[in-house]
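Q: Dropping the structure in here first, questions after.
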Amino acid sequence: MNSKISLPNSHILGYPRIGAQRELKWALEQYWRGDIDQHQLKKVGSDLRHQHWQDQKEAGLSFVTVGDFAWYDQVLNTSMLLGHIPARHQHGFPDLDALFRVARGQAPSGCSCAAADMTKWFNTNYHYIVPEFSEDDRFTVAWTQLFEEIVEAQKADHKVKPVLLGPLSYLWLGKSDDDTAWNRLSLLPRLQAAYQSVLQRLADLDIEWVQIDEPILVLDLPEEWQRAFKLTYQVIKNKSKVLLTTYFESIETYWPWIQSLNVDGIHIDVSVAPQQLDPIIDDLPDNWVLSIGAINGRNVWRADLAHWLERLQPIYEHLNERLWIGSSCSLLHVPVDLKVESELPDNVRTRFAFAHQKLSEISLLAKGIQGDTVNIQRCYEYTLTSNNWSESVSSVASRVTTFTHITDTDVDRSLPFIDRAQLQKNALGLPLLPTTTIGSFPQTEQLRQWRKAWRLGDITESAYVEHMKEYIADTISRQEQIGLDVLVHGEPERNDMVEYFTSALDGFVNTQLGWVQSYGSRCVKPAIVVADIHRSQPITVEWTRYAQSLTHKPVKGMLTGPTTILAWTFPREDVSKEVMAHQIAIALKEEVADLQQSGIRVIQIDEPAIRELLPLKQDQQAAYLNWAVKAFKLSASSAKPETQIHTHMCYSEFNDIFSSVAALDADVITIETSRSAMSLLRGFEDFSYPNAIGPGVYDIHSPNVPTVNEIKTLVEKATQWIPIERLWINPDCGLKTRQWTETELALTNMVKAAEVLRTENQSVD
């Protein structure tokens with residue numbers, strides 16, 4: 001046994017960039033509105049970085065991580081670093097506004113043009129801007145933000161570990177117009193040369209360790225992509241040491257050849273895949289470090305430090321300084337700081353750890369592993385404070401069931417779609433190419449003030465209700481004037497599509513400031529599952545019934561689906577996701593029944609996250625899809641045949657789960673397709689989708705207003721794959737982040753495009 005010579009190195013893979021009070025969000029939005037200039041925006045970014053670096057240093061971590069800060073997302077940062085942005089956005093490059101034009105289609109300077117595609121980061125609710133590749137692409141180091149931030153941190157006397165997205169993952173995560181005509185890996189030699197230049201710049205800055213993220217190593221990769229790793233890391237490596245970083249799943253399958261790569265260490269995520277630890281330790285190359293991601297970067301429960309202490313101490317005895325302790329992944333997936341939460345019950349609060357607290361967990365575990373008696377005792381005391389959380393937190397007796405008794409008969413609609421469709425056509429009287437929206441309408445400042453005043457007790461319940469009814473009435477009137485066919489009440493009472501339901505269902509707790517970045521300036525505030533989930537009273541019925549009373553057109557009841565509620569909350573760790581999803585589904589089934597009883601003929605159950613929870617390993621996907629589909633169908637199972645069930649999905653790749661999407665058996669599905677110019681629909685060439693579908697015809701995340709002809713062109717493109725009689729016309733997502741002026745202009749153009757297409761297709765029944 002080797003003698004102990006030093007503490008294990010401790011570090012994180014990344015830190016939330018948005019700020020504990022969402023400082024970056026507010027600054028970005030002020031800049032986009034023109035309220036502050038670029039210098040003021042950059043000052044906010046610099047202040048946040050310095051605070052985050054100082055927090056890591058004061059927690060006792062061995063390194064501060066630099067390069068995790070982004071104005072929009074880290075993949076777009078990589079595109080900027082490599083000078084690889086679409087030609088339509090290059091005016092003024094490398095000015096910061098070029099970055100915003102790629103992300104949003106618009107910036108304070110430069111032309112308005114189509115934003116780049118956006119999709120989910122692996123199986124998380126974080127979004128990234130998709131790189132666009134063409135056969136003649138070139139890469140060169142063109143954006144110096146990374147190097148400037150390193151110098152900034154070094155001047156502040158920090159020991160710096162930069163983070164880069166690896167070249168293979170960057171290439172894999174992008175898209176090209178036609179991958180069948182050429183192999184994207186043909187770009188790799190040019191990309192390798194650019195990464196050589198980046199790593200040389202880092203070496204020139206005296207960087208000892210570079211964290212290079214290659215998260216695609218947890219996927220089921222084609223053999224040619226696996227083979228590409230060896231040459232790539234042989235070519236790009238220089239004198240800076242490389243920590244090859246993986247997360248979200250196991251790399252055990254690839255471990256035999258990963259050992260041959262020209263790197264200096266490996267980071268693995270053992271919070272989600274602990275089974276990979278022993279095989280990797282057994283065959284760890286003699287000169288490599290092993291960074292163990294023991295502290296879960298994707299959930300908010302305190303770590304079981306006693307467990308990890310006992311598990312990792314023998315490994316430390318073997319590896320000594322070659323053992324590193326870290327977060328499982330970047331901490332950007334959890335809220336920033338528990339200290340700002342003053343209203344959480346004590347029996348709950350003491351069991352949580354947000355990003356700031358996880359810094360201390362990592363540091364304490366590293367100190368305890370070394371064998372110091374005081375820190376070992378602190379690890380055990382920390383664990384005793386947080387153990388048995390489910391027994392202490394649950395407010396109801398455990399009623400968890402496995403739901404194995406739920407059969408297809410229990411969840412299937414009573415008639416097949418073809419029969420339901422005729423009943424719904426007779427009941428609703430909709431035209432060819434019906435128009436609708438996804439659910440939410442602009443959340444004005446006045447609306448937010450009303451909600452805040454009611455929450456703080458500054459206005460009465462009755463005054464709040466009247467304000468909400470005013471907004472609903474105005475929203476219904478605007479939709480009727482525009483000419484939409486199926487209306488919505490606009491969701492003025494909802495701060496967030498998930499939080500609204502978790503606040504109304506038993507079994508969740510909600511935070512005050514537990515914000516997590518979703519993309520750009522957009523943040524969500526996930527609730528936390530702390531007990532069995534059930535519905536004690538109707539949630540949406542009164543608002544929807546009021547909206548329906550104002551119009552003869554159908555008004556959609558708007559619900560968030562069971563898998564999405566689960567995906568966008570922090571789950572319990574003692575109960576399976578399947579059980580929690582089915583508990584939520586039963587609550588929604590009751591809500592559907594009450595909406596229907598109140599005269600609501602169209603009900604939308606949104607499932608934008610059903611693709612998000614899909615396991616990254618193919619051999620685990622069938623089981624997940626089985627219970628996720630069952631949960632959705634269970635939530636809709638109280639609907640009569642003449643009640644039209646819609647669902648909505650956005651910003652994910654669905655082509656590989658089309659059969660499961662079809663199995664949901666929603667009467668109408670609306671999906672995001674505008675940013676990808678309908679390319680998501682290519683999957684329908686090989687899969688005949690049986691029900692109705694509304695491919696989004698304009699991008700609501702861009703302030704650009706689409707023209708009638710642009711919308712018409714996209715719908716005509718969609719008819720290549722979907723029969724026109726089963727097509728709907730709608731935006732690609734909710735409209736809560738938009739302004740009324742642009743919303744009404746865009747929807748007016750959308751309705752005009754539908755009218756033109758109906759005239760051109762009068763012969764279609």
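The values are calculated or read from the model by the stated rules, or taken from the named source; none is laboratory data. Treat the numbers as computed from the prediction; the structure is a model and nothing was measured. Positions of Cβ are backbone-derived with ideal geometry, glycine not excepted, and every protein chain shown enters the neighbour counts. We work out accessible area using only protein heavy atoms, side chains counted, and drop any ligands, DNA or RNA first. Shrake-Rupley method; radii C 1.70, N 1.55, O 1.52, S 1.80 Å.
Q: Tell me the angle of helix 577-597 to the major Cα principal axis of the chain, expressed in degrees between 0 and 90 and rounded to the nearest ten.
A: 20 degrees
Q: While we're on this one: Express in whole angstrom the spacing between the alpha-carbon centres of the stretch 419-471 and the stretch 305-350.
A: 42 Å
Q: Taking all protein chains together and a probe of 1.4 Å, list Asp117, Asp157 from the most accessible to the least accessible.
A: Asp157, Asp117
Q: 222 nm [θ] for the chain, helices only, -39500 (n - 2.57) per DSSP H run of 4+, per residue, to 500?
A: Rounded to the nearest 500, the figure is -12000 deg cm²/dmol.
Q: Right, another one. Apply the a/c threshold of 1.5 to the C-alpha gyration tensor of the stretch 403-445 and tell me whether it is rounded, prolate or oblate.
A: Oblate.
Q: Classify the stretch 208-277 from the C-alpha gyration tensor, please: rounded if a/c falls under 1.5, else prolate or oblate depending on whether a/b exceeds b/c.
A: Oblate, because a/c is 1.5 or more while a/b does not exceed b/c.
Q: Using the beta-carbon distance between Gln90 and Asp506 and R0 = 56 Å, what value does 1/(1 + (r/R0)^6) give for FRET efficiency, to the nearest 0.05?
A: Working from the Cβ atoms, E equals 0.60.
Q: In whole angstrom, how far apart do the alpha carbon centroids of the stretch 625-647 and the stretch 215-281 sit?
A: So the separation of the two Cα centres works out to 41 Å.
Q: OK, next. Considering amide H positions built from the backbone, and no H for Pro or chain starts, which residues 5 or more places from Ile669, or on another chain, come under 5 Å of its amide H?
A: Thr647, Ala692, Ile693, Gly694
Q: Still on this structure, I have one more. Just the Cα atoms of the stretch 426-528: what Rg and Dmax do they give in Å?
A: Answer for the stretch 426-528, Rg first and Dmax second: 16.4, 48 Å.
Q: Taking a quarter of the surface of the convex hull around the Cα atoms of the stretch 434-479, what do you get in nm²?
A: The directionally averaged projection comes out at 3.6 nm².
Q: Cα-Cα over 30 Å: which of Lys161/Lys577; Lys358/Lys633; Lys43/Lys175; Lys120/Lys230; Lys57/Lys241; Lys120/Lys633?
A: Flagged as over cut-off: Lys161/Lys577; Lys358/Lys633; Lys43/Lys175.
Q: Given H placed 1.01 Å from N in the peptide plane, which residues other than close sequence neighbours of Lys241 have an amide H under 5 Å from its amide H?
A: Trp209, Val210
Q: While we're on this one: Treating only the Cβ of Lys, Arg, Asp and Glu as charged (+1, +1, -1, -1), what charge dipole size does the chain show about its Cα centre? Round to the nearest 20 debye.
A: Using only the charged Cβ atoms, the result is roughly 820 debye.
Q: Can you compute the charge dipole magnitude of the stretch 130-240 about its Cα centre, using +1 on each Lys and Arg Cβ and -1 on each Asp and Glu Cβ, nothing else charged? Give it in debye, rounded to the nearest 20.
A: 460 debye
Q: How do His534, His127 rank by accessible surface area computed with a 1.4 Å probe, from largest to smallest?
A: Result, largest first: His534, His127.
Q: Which three extents, in angstrom, do the Cα atoms of the stretch 31-172 have along their principal axes, listed largest first?
A: Dimensions of the stretch 31-172 along the principal axes of its Cα atoms: 45, 39, 30 Å.
Q: So if I take the centroid of the Cα atoms in the stretch 11-54 and the same for the stretch 557-596, what is the distance between those two points in Å?
A: First find each Cα centre; the distance between them is then 34 Å.
Q: A further question on this structure: In the full protein assembly as shown, how much of Ser360 is accessible to a 1.4 Å probe, in Å² to the nearest 10?
A: Approximately 60 Å² for this residue.
Q: Run the 1.4 Å probe and let me know the accessible area of Trp143, rounded to the nearest 10 Å².
A: In the full protein context, Trp143 sits at about 30 Å².
Q: Can I ask one more? List the extent of the Cα atoms of the chain along each of their three principal axes, largest first, rounded to whole Å.
A: 80, 62, 49
Q: Along Cα→Cβ, 7 Å out, is where each label goes; now give me the distance between the ones at Ala427 and Gln275 in nm to one decimal.
A: That separation, rounded to one decimal, is 4.6 nm.
Q: Another one. Quick one: ranking Tyr233, Tyr500 by accessible area, 1.4 Å probe, largest first, what do you get?
A: Largest accessible area first, the list is Tyr500, Tyr233.
Q: I would also like to ask the following. Which shape class, rounded, prolate or oblate, goes with the stretch 78-122 when its Cα gyration tensor gives a ≥ b ≥ c as root eigenvalues, a/c under 1.5 marks rounded, and past that a/b bigger than b/c marks prolate?
A: Here the stretch 78-122 falls in the oblate category.
Q: Give the residue from Gln192, Leu757, Ser702 lying farthest towards the positive end of the charge dipole for the chain; charges sit on Cβ (+1 for Lys and Arg, -1 for Asp and Glu) and the dipole is referred to the Cα centre.
A: Value: Ser702.
Q: Return the percentage of antiparallel bridges among DSSP beta bridges fully within the chain, rounded to the nearest 5 %.
A: Taking every DSSP beta bridge within the chain, about 15 percent pair in antiparallel fashion.
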